[in-house]
Amino acid sequence: MTESKKIKEKDTLPIQSSSDTLQKKDLRIGKKSIQFVAKKGQAFDTCSAKGDDYICCNVKVLKTVSNCPYECSYCFLQDYLSNTQLQVTKDIPALVKEVTDYLEKNPHAFIRVGTWELGDSLALENQTGQAGKLIKEFAKIPRAILELKTKSDCVDRILPLNHKGKTVVSWSMNSEEICQKEEYKTASLTKRLTAAKRCQEAGYKIGLHFEPLMLYQNWQQGYNNMIDAIFAEIRPETIAWISMGSLRFNPKMRLSMQSLYPKSKALENEMVTGPDGKMRYLKPLRKELYTHIYKKLCRTLQVAHLGPHHAQSPSQPMLYLCMERWDMFEHVFGSSPESTEELENLFTQSLFNRFPDLNTNQSNNQN
Amino acid sequence: MKTVLSMPTHQISVLLKYCLSQEKDPLLTHALTQHGILSPLHIAIYKETPLLIDGFKRLYWAQQQNMTKVPACTHPCQTPKELFQLIHALKSKQIQNPIIQALLLQTLGREHSPLLTQETHPLSSNTQNLETSSQKKSYFHNLKKLSQLSPNILHFCREKKFSFTHCKKIITFKKSTLEQLIALNPQLQWTASNFILAASYIEQSKQHTVSITDELKDILTNNPQLASQNKRLQNAFLEKLKMNAKPTLHYYHKEIKRQIHALNLPKNIDLIWDKSLETHALTLQIHTHKKNMLSDTLNSVNTTQLTKIDRLLDML
């Protein structure tokens, strides 16, 4: 009897019919059914990307799901998960308690909490309703904002909820070519944007993550088109933050990527291993990639500057780099935060200045 | 121990997927159409997975006829060694093919595969000329390396894809290594020639900054026929290289070296940079062995040179 069969029938939901396959360790097998599990161990933590050599945004993570129904060729989960069963933690109060406990111990902190560390925040929402429950809980928590990051368009169930402006619904955005060829089974760019527009109309703040940026033939045109498409639908004043990060992965992942996604273009370019042990494109090429997108964003938003030090007006969302060093910030934005702590502080300032309701909520809750 | 049974076709995994022959064999097709499948397929049950070892054409025919079950002999295999022995017993001819070996390596696991670590495998007879164990070890190591790369080359040829990473790996193969491999195992000639071809295309692509080693150039000079063996292949490589032409790490290192050389710094000064280019820093190393040499050296560096060193930092 397999592990999933041991779980009570009502606790396991099939996503699609699957024939009996014998490669039990295959990541794809675990994606075919959802297992609802109790919270085990610590679910609240700091984003694992944080490292001493890099300027990080210091976002907190709440591990509410493990594995993901989508199949992105570059996804680190293919090498990371020892248990590949798609799992959803059902114990919402226990999850939320970890957040409130942290806030009690850190009375001056304002935290962003993402649920995307080990999976997609919304892909399973129609089946689980987990994100909806979290949205309602975070509406009551002072000094914390929830980030749901997704590549899906599963937003129907969260649209009518009373989120009180305490939830940012974020999308991993990539050019249509990459969405189609590297992010299998995910929503297309157009569908993601339609969903984002609906969330915007429902009063949610929007987050955009241009990750992983990839080099391919005509990438410049691909990313220009992506940015044009985004700002045809989304108003900059509703965007809480935009991140940029280039393709990176653990060197060990090469083999699994080659065997699971032989047609992927993710391995086509030369890469080097950085101090954090992850492989990235050569730094001069990453500079070119980020600078191109930065300039395109400035032109589209009709602003002279963007970046962590220029994110205080409604038309200037917080734009930052993910897992890059200070010199890359300086090259792209002209200035760099001194430390992860400074970037985090700039983040909070930007949110409070651009979304005064967050600051008011915080004061009200404190009183 | 083996069992003959009717096995559902959809459960059968094809071990050597590139071997699932779709070629038309009129005699076999005629026989199958007249009499059906008379001799059972051979299937290894390895780690609970049924892997097809023998009967690729029969399975393909059965799939075409929408047959749900086929007669099969099952052979339980607990270890990669047992699996390999079975493959060897049933497919002794095909296993000589280095591409098949490479696929086997991928299936069995590169680290623990008995294919290239045990002297019982079919290529071991070729190692009789190798006198010492270190020579044999080196032969197996290189064979393994080549075998791991060759499916990628094949794949990229078929898909008209090619990556710089693969190019880099190719050019690290020395002439002597290739010659030794080919001498010991003539069947590797074809695979090795692919590597040589790839290297030649890198050289032909003017936009590309990687240069092949002199040793490989010698091979090309001595084997001009290799370079013109397959026009389609050449075009695929060239197209991919042109499309993908981006400066390489090698190019940046060359450029940094060139700029440092142009600085005309005193000979006892070295400028050192992080070879991965990730760290935004240049280290100035001054070698001194006499009193006052340090201050003399520092004084000899002028402001223009210092400004240029500063500019050099922009590359990092």
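The values are calculated or read from the model by the stated rules, or taken from the named source; none is laboratory data. Being a predicted model, the structure only gives us computed values, none of them experimental. All Cβ positions, glycine included, derive from the backbone under ideal geometry; neighbour counts span all protein chains shown.
Key figures for this structure:
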read-out	value
Subset of the range A:287-327 [in a helix (DSSP H, G or I) and touching a helix residue (DSSP H, G or I) at 6+ places or on another chain (Cβ under 7 Å)]	A:K287, A:Y290, A:T291, A:H292, A:I293, A:Y294, A:K296, A:L297, A:T300, A:L301
Top-ranked residue of the range A:103-157 - restricted to ones that are of a type in the set (D, E) and touching a helix residue (DSSP H, G or I) at 6+ places or on another chain (Cβ under 6 Å), ranked as nearest to A:E342 (Cα to Cα)	A:E137
Count of the range A:236-265 residues which are in a loop (DSSP other than H, G, I, E, B) and either touching a helix residue (DSSP H, G or I) at 6+ places or on another chain (Cβ under 7 Å) or closer than 19 Å to A:I178 by Cβ (or both)	8
Condition met for A:G203 (under 23 Å from A:K166 (Cα atoms) and either assigned to a loop (DSSP other than H, G, I, E, B) or touching a Ser or Thr at 6+ places or on another chain (Cβ under 8 Å) (or both))	yes
Pairs where the first residue, in the range B:243-258, is within 7 Å of chain A (Cβ to nearest Cβ) and the second is modelled with pLDDT under 85 and surrounded by fewer than 15 Cβ atoms within 10 Å (Cβ to Cβ), C-beta under 8 Å, 6+ apart	B:M243/A:Q217; B:N244/A:Q217
Lone qualifier among A:T300, A:T340 - being touching a Cys at 6+ places or on another chain (Cβ under 6 Å), more than 14 Å from chain B (Cβ to nearest Cβ) and in contact (Cβ under 8 Å) with a residue 40 or more places away in the chain	A:T340
Candidate set from the range B:36-50 (those that are in contact (Cβ under 8 Å) with a residue 40 or more places away in the chain and not small (G, A, S)); member that is nearest to B:H88 (Cα to Cα)	B:H42
Residue satisfying all of: in the range B:264-283; outside any loop (DSSP other than H, G, I, E, B) and free of Cβ contacts under 8 Å to residues at least 24 places away in the same chain; farthest from the other protein chains (Cβ to nearest Cβ) among these	B:D270
Any hit, the range A:179-197, residues being part of a strand (DSSP E or B) and surrounded by fewer than 20 Cβ atoms within 10 Å (Cβ to Cβ)	yes
Among (1) under 36 Å from the mean Cα position of the chain (by Cα); (2) at pLDDT 85 or above - the single one B:M315 does not satisfy	(2)
Any chance A:M279 is away from every other protein chain (no Cβ under 13 Å) and farther than 23 Å from A:I158 by Cα	no
Test: residue in the range A:219-238 that is under 16 Å from the mean Cα position of the chain (by Cα) and away from chain B (no Cβ under 14 Å)	no
